[in-house]
Amino acid sequence: MNKKITGCIVTYNNIATIDNALGSLLKCTEAPFRMYVVDNGSTDGTIEHIEKNYPQVTLIKSGGNIGFGAGHNIILDMLDSDYHAIINPDIIVKDDVISKLAEYLDQNDDIGMASPEIRFPDGRLQILGKRNPNPVFLVASRMRGDGEPSKLLKEYAMLDCDLSKPTDIENATGCFMFIRTKLFKEIGGFDKRYFMYFEDCDLSREVNSRSRTVYYPEATVYHEWGRDSKKNFKLKLIQINSMLHYFAKWGLK
């Protein structure tokens with residue numbers, strides 16, 4: 001494969017997870033791949049650790065905590081790739097997921113963005129929304145416990161469909177998105193109105209207004225999902241603010 005691929009991780013005090021993310025991605029990826037890290041003002045040693053241990057990574061310091069989407073947008077004009085991966089700092093890969101996704105898009109010109117299967121590090125499947133969010137789905141997601149997902153949550157996550165094969169979805173999670181770079185630039189990156197949360201839902205809708213977003217279960221990533229907004233009141237307020245922006249832009253459906 002001769003396509004250029006780039007990837008970006010936005011960090012903010014992620015010293016605990018960044019080794020697993022960068023180490024696994026750089027070890028497993030065989031395709032031509034350039035990795036960017038945009039740091040949003042880490043004070044826990046993340047910056048120094050990357051500078052010391054990952055000289056092959058292009059590290060950019062944003063100068064402060066500007067948010068998830070804005071951090072990813074910093075490198076938008078720098079990208080000269082065919083495909084671009086948007087990656088959380090708590091992602092781990094165990095094989096060459098990047099090449100798998102690139103080959104899949106190579107074979108399907110009508111697909112603008114692909115979302116891999118996402119599992120917890122112990123192998124359990126993560127139940128994540130694949131239909132557009134609405135207030136009912138979001139309440140079901142917020143109230144879920146550790147047991148069997150509710151009927152509404154299953155609907156939100158499209159567990160009522162056969163997800164063993166590639167499936168068109170409305171909503172791709174931002175922990176790992178694989179998009180055509182040209183399309184990402186055409187959209188203008190992430191909407192600046194979202195500091196954090198819902199920017200992935202928004203981007204998915206922008207992609208689907210122009211192309212297709214497909215869930216591709218042949219590629220699997222592992223996500224150390226902390227659900228921080230459930231534990232942190234400030235993050236909960238940020239999430240609510242982003243939700244209001246999202247529904248003001250797209251409506252409740």
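One Cα centroid belongs to region 1-75, the other to region 157-220; the line between them spans 21 Å. Taking a span of 18 Å or more along the helix axis (Cα atoms) and a mean Kyte-Doolittle hydropathy of at least 0.0 as the rule, the DSSP H helices of the chain that qualify are 233-250.
Over all other residues within a Cβ to Cβ distance under 13 Å of TYR222, the charged ones net out to -2, with Lys and Arg as +1 and Asp and Glu as -1. Computed in the context of the full set of protein chains, the accessible area of the chain at 1.4 Å probe radius has 51% of its extent on carbon or sulfur.
Put a dot 7 Å past the Cα of CYS161, heading toward its Cβ, do the same for ARG210, and the two dots end up 2.2 nm apart. Taking the empirical scaling 2.2 N^0.38 Å for compact globular proteins as reference, region 101-157 has a Cα radius of gyration ratio of 1.41.
Per-residue ellipticity at 222 nm from helix content only, as computed over the chain with -39500 (n - 2.57) for each DSSP H run of at least four residues, stands at -10000 deg cm²/dmol.
Annotation: amide H-H contacts under 5 Å for LEU59 (H modelled 1.01 Å from N, sequence separation of 5 or more, or interchain): VAL37. The aspartates and glutamates within cross-link reach of LYS4, meaning a Cα-to-Cα straight distance under 12 Å and a gap of 8 or more places when in the same chain, are GLU30, ASP80, ASP82, GLU103, ASP106. Pairs with C-alpha atoms separated by more than 25 Å, drawn from the list LYS94/LYS165; LYS61/LYS192; LYS27/LYS130, are LYS27/LYS130.
The values are calculated or read from the model by the stated rules, or taken from the named source; none is laboratory data. None of these values were measured; they are calculated from a predicted model. Neighbour counts are summed over all protein chains in view; Cβ atoms, including those assigned to glycine, are modelled from backbone coordinates with ideal geometry. What goes into the accessible areas is simple: the full protein's heavy atoms, side chains included, and nothing from ligands, DNA or RNA. Shrake-Rupley method; radii C 1.70, N 1.55, O 1.52, S 1.80 Å.
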